[in-house]
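Undergrad: Here it is, the structure in full.
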Amino acid sequence: MAAGSPQEMILRVVEPDQARKLQLSSRPGSIDALIKIIKELEIDLDFDLLFEDPDFDGKRNFLQDIEELPQKSVLHISISQHSSSVASTVGFSDASYPERHSSWPSGSFPVPTFGYNVELRLRDGNAEYEKNNTHLKLTRDQRHDILENIASTLYGFKAYPSDKDITTAAQSLVAKHPCLKEAGSETGYNGWKNSTLRQTIFDEVKKTQINLLFIKKMMEGTFLLRRQTIVISTPSVNELVDLWPALKIVSELYAEFYWIINVHLPNKCYGHHDSHIPRLLTLFRQKVSRTGKIANALAAIFKSHDEQVKRDNFGNTIFVRRIPVFLNLR
């Protein structure tokens, strides 16, 4: 189909940490067909599509019919979630990630034996719960010992435990030690599940080779839990990063920023950067008119840049970013 025909489409595909331009020679036959095309951009996730609806001043609506999509549109990717709990996470199929040598148990999850002092506390706590229905209060270290051992046992079965696996482990924990049930909790184990999820992310971040896709899915699924922590506990930035060390990963920081205020941080920064380019170019060209080593280097860069602009219609942004590198200014 010829360029500029009525069916040609230009789309801006917005992800949590970046946005990309997608040109299509024709309108896809269905939403599923469009999703398949977008997945070719190396988006290995299940997602729904929202579009900025011109009938509602650009407000986002879920795309229900491919014919609703204007020829020039902005699409937003909404990662599909498979759990309604506060700390739900995208499930992983058993075939998605490498397994450990031990196969997943056919019955209930085998709750490990904890440290000596913790086991004593649990024994006494279970007895007290049996008599008076009293919930056990643990110290931070005791709770950490339980979480580390649960996570270690999970990893003994699977390198990347799923949401279902972690739920099963939390259920088994409170079934074996009923004193650990949470007062006021509908399930009695949801807090342990959330803590195990966080421990799982924490352990993955510490690895030499990090599985970024696994972390991305886990962080997406636990966003509401982090928001709840911030609202209720108001931790400092350092405390929050200690709880969620994946926020030190640049892509996760960008994604978190987007989920909070719906702004793409790198695009915003580059946009402000680009607004200064005309003035920077003027200053650099003034420098070229002088003599010396720096002026000669700038002249060579400008010559290369001008030729490239004529040939490829490149913008100025990349050019300006390269200048400090050539001049050893950073």
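The values are calculated or read from the model by the stated rules, or taken from the named source; none is laboratory data. These numbers were taken from a predicted model, which means no experiment stands behind them. Cβ coordinates were reconstructed from backbone atoms using ideal geometry, including for glycine residues, and neighbour counts include every protein chain displayed.
Undergrad: Select, from 252, 220, the only residue that is closer than 28 Å to residue 165 by Cα, in a helix (DSSP H, G or I) and touching a Ser or Thr at 6+ places or on another chain (Cβ under 8 Å).
TA: Of 252, 220, the one residue that is closer than 28 Å to residue 165 by Cα, in a helix (DSSP H, G or I) and touching a Ser or Thr at 6+ places or on another chain (Cβ under 8 Å) is 220.
Undergrad: Now, a different point. When you go through 188, 156, 125 one by one, which is the residue that is in a helix (DSSP H, G or I), assigned by TED's automatic domain parsing to the domain that holds residue 224, buried (at least 17 other Cβ atoms within 10 Å of the Cβ) and over 24 Å from the mean Cα position of the chain (by Cα)?
TA: None of the others qualify; the one that does is 125.
Undergrad: While we're looking at this one, here's another question. Scan segment 230-244 and give yes if some residue there is among the hydroxyl-bearing types (Ser, Thr, Tyr), in the same structural domain as residue 199 (by TED's automatic domain parsing) and crowded, with 17+ Cβ neighbours inside 10 Å, otherwise no.
TA: No; the residues of segment 230-244 include none that is among the hydroxyl-bearing types (Ser, Thr, Tyr), in the same structural domain as residue 199 (by TED's automatic domain parsing) and crowded, with 17+ Cβ neighbours inside 10 Å.
Undergrad: How many residues, within segment 52-67, are within 17 Å of residue 33 (Cβ to Cβ) and surrounded by 15 or more Cβ atoms within 10 Å (Cβ to Cβ)?
TA: Qualifying residue count for the region: 2.
Undergrad: Moving on. Tally up the residues in segment 129-153 that are more than 17 Å from residue 119 (Cβ to Cβ) and either aromatic (Phe, Trp, Tyr) or part of a loop (DSSP other than H, G, I, E, B) (or both), please.
TA: Looking only at that region, the number is 3.
Here is a yes/no grid of residues against (1) at pLDDT below 75; (2) in the same structural domain as residue 218 (by TED's automatic domain parsing); (3) within 30 Å of residue 188 (Cβ to Cβ); (4) touching a Pro at 6+ places or on another chain (Cβ under 8 Å):
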residue	(1), (2), (3), (4)
21	no, no, no, no
28	no, no, no, no
42	yes, no, no, no
63	no, no, no, no
67	no, no, no, no
72	no, no, no, no
91	yes, no, yes, no
103	yes, no, yes, no
110	no, no, yes, no
